1. Amide H of residue 84: which non-local residues (sequence gap of 5 or more, or other chain) have their own amide H closer than 5 Å, using H built in the peptide plane?
2. Pairs of lysine in the chain with Cα under 29 Å and at least 8 positions apart or on different chains: total?
3. Bin width 10 Å, origin at 0, all Cα-Cα pairs of segment 1-141: what percent of pairs per bin?
4. Please work out, to two decimal places, the log10 of the ratio I(q)/I(0) at q = 0.07, 0.12 Å⁻¹ from a Debye calculation in which every Cα of the chain carries one identical scatterer.
5. Using the Karplus equation 6.51 cos²θ - 1.76 cosθ + 1.60 (θ = phi - 60°), what ³J(HN,Hα) coupling, rounded to whole Hz, does each residue of segment 30-45 give in order, writing x for Gly and Pro?
6. Per residue of segment 291-302, in order, report the coupling 6.51 cos²θ - 1.76 cosθ + 1.60 (Karplus, θ = phi - 60°) as ³J(HN,Hα) in whole Hz, putting x for Gly and Pro.
7. Could you derive backbone 3J(HN,Hα) for segment 345-352 from the dihedral phi with the Karplus parameters 6.51, -1.76 and 1.60 (θ = phi - 60°), listing whole Hz in sequence and x where the residue is Gly or Pro?
8. If you take the charge dipole of the chain about its Cα centre, with +1 on Lys and Arg Cβ and -1 on Asp and Glu Cβ, which of 239, 169, 278 is farthest toward its positive end?
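Please treat every number below as a calculation from the coordinates, not as lab data. In this text, all values refer to a predicted model and were calculated from it rather than measured experimentally. Here the Cβ positions follow ideal geometry from the backbone for every residue, glycine too, while neighbour counts run over all protein chains shown.
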Amino acid sequence: MRRTRLGIKLREFGSVIRAEYGHIFTDAGVVLIMIFAILIYATVYSLAYKNEVLRDIPVGVVDNSMTPASRQLIRTFDAAPNVNVTYNPENLTEAENLFFDRKIYGVVYIPEDYERNLLKGVPAIVSVYVDASYFLMYRQVFSDVVAGLTGTGTEVEFSRLLAQGINAPQAEAVVSPVQFTLRNLYNPYLGYGTFLMPAILIVIIQQTLLMGIGMIGGTWREFGIYRKLRTPGEKRLSTIPIVLGKATAYLSIYAVTLSYIFTFHYKLFHLPMNGSLVNVLSFLVPYVLACIFMGIAVSTLFRSRESSILYILWTSIPLLLISGASVPKEAIPGWLYNFGKIFPSSSGVEGFLRVQTMGASLTEVRPEVTTLWILCFVYLILACLGIRLVMNREDVR
C-alpha cells in the first residue's frame, strides 16, 4: 500500500513537472518574464553602466586673478580625468546662468588676490560650487577639484621651503609628513556598474521568479489544472508533489539562465568574480529555492495571471533599497532593514556581494546562508498551505 501511494505521488510529481514546462514554454508572457527578462535586464543595465565612471564633466572657472598662478591652477583642474574646464565665465552671474542651463555642473571661483596671497604666505581662498543633486556628478567634480587644490597648495609650500634654504627631502617631509598608498579593494576603478550590478541581478532573479510563478499560478486557477492533473481514482492532487514539481521545473530553468549570467555575462562586462564556484553555487541554491517557494506561496493569492505583475512589479526598487546595496544598511531605519529580511533578496544581496565580489567563504556569510535556508523552509510550508487552501476553495475533489 505504501509503495502504491509513493508511486501515485511520483506520477503526480512527474505530471506537475511536465505540465509546468508546458505552461512556461507555451506562454509567451511567462517565457518573456522567466527566461528573457533576466537576460534583457542584465544586458541593458550592464550596457548602461559599461563606462563605470563619469568622465570629462563640464565645469566653469571664474578667474578674477588672471595671473600665472591662477592659470596654472586651471590647467591642473583640466588635466584631471573626470573634469573638463569647458567655460571661463567672466563673473559668478554668468557662471550661475551656465549652471542653471545645465551646461556646467560645477563652478570654481578664483579671487583677484589669489596669487598675491600665495606670495605673501597667507591662505588663498578659492570657492567651489558643485551640483549635489546628482551624487555621482558631485563626487567626481568635488574629488578632482579638491585634489587639484591640495596638490597646488603642497607645491606652493614646497617651493616656499626651498626658497628658505631647506633641502628637498626635508621640505618634502614637512609638506607631506604622512605618506600613504591607496588601494581600492574589490572595485579598483570605483565603477558604478561594478558596485551596483551584482545587487541588481540578485533582485531581478527574485522579482522575475515571483512574477512568472504568479502568472502560472493564476493560469492553474483559471483553467482548472488542479482537476486535470489528478491521478484517476484519486479525489485530489497531493500538495507536496505540486509544490516540489513546480519548484523542480523553475529551478532547472533558472539553473541554465544563471549559468549564463554568472559566467559569460560576468566575463563579458568584467564584473568582479572573486568567489570560488563551489561557494557561489552553495549560496545561490538556498537563495533561488527561497525565491521559488516564496513565489509559489504568493501565487496562491492571485486569481488571474496578470495580477502578479500588477502587485509585484512595483516592489523591485523598494526591495533593492532596503537590501542595503544602494543605501548603506546603517542609514536605513533598523525596523525597516529587519523587515526586509523576510524577503530573500535582502540576505541574498548582502551575502552574494561578499561571496562573489569579495571572495568570502561560506563560513563568513553563515548568518545570510542560515537566514536563506530558514526562509526556504518557512516559504515551503506557506506554499503547501496556500496550495491546499486553493484546492479547498476551488473544490478540487
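1. 57, 59
2. 11
3. Histogram of Cα-Cα distances, whole percents per bin: 10, 24, 18, 10, 9, 9, 8, 7, 4, 2, 0.
4. Computed log10 I(q)/I(0) values: -0.50, -0.97.
5. Residue by residue, segment 30-45 yields 5, 4, 4, 7, 7, 10, 7, 4, 5, 5, 5, 4, 4, 6, 5, 4 Hz.
6. Per residue, the Karplus-derived 3J(HN,Hα) values read 5, 5, 5, 5, x, 5, 4, 5, 5, 6, 8, 9 Hz.
7. 4, 5, 5, x, 5, 4, x, 5
8. Checking the options against the dipole of the chain, the answer is 239.
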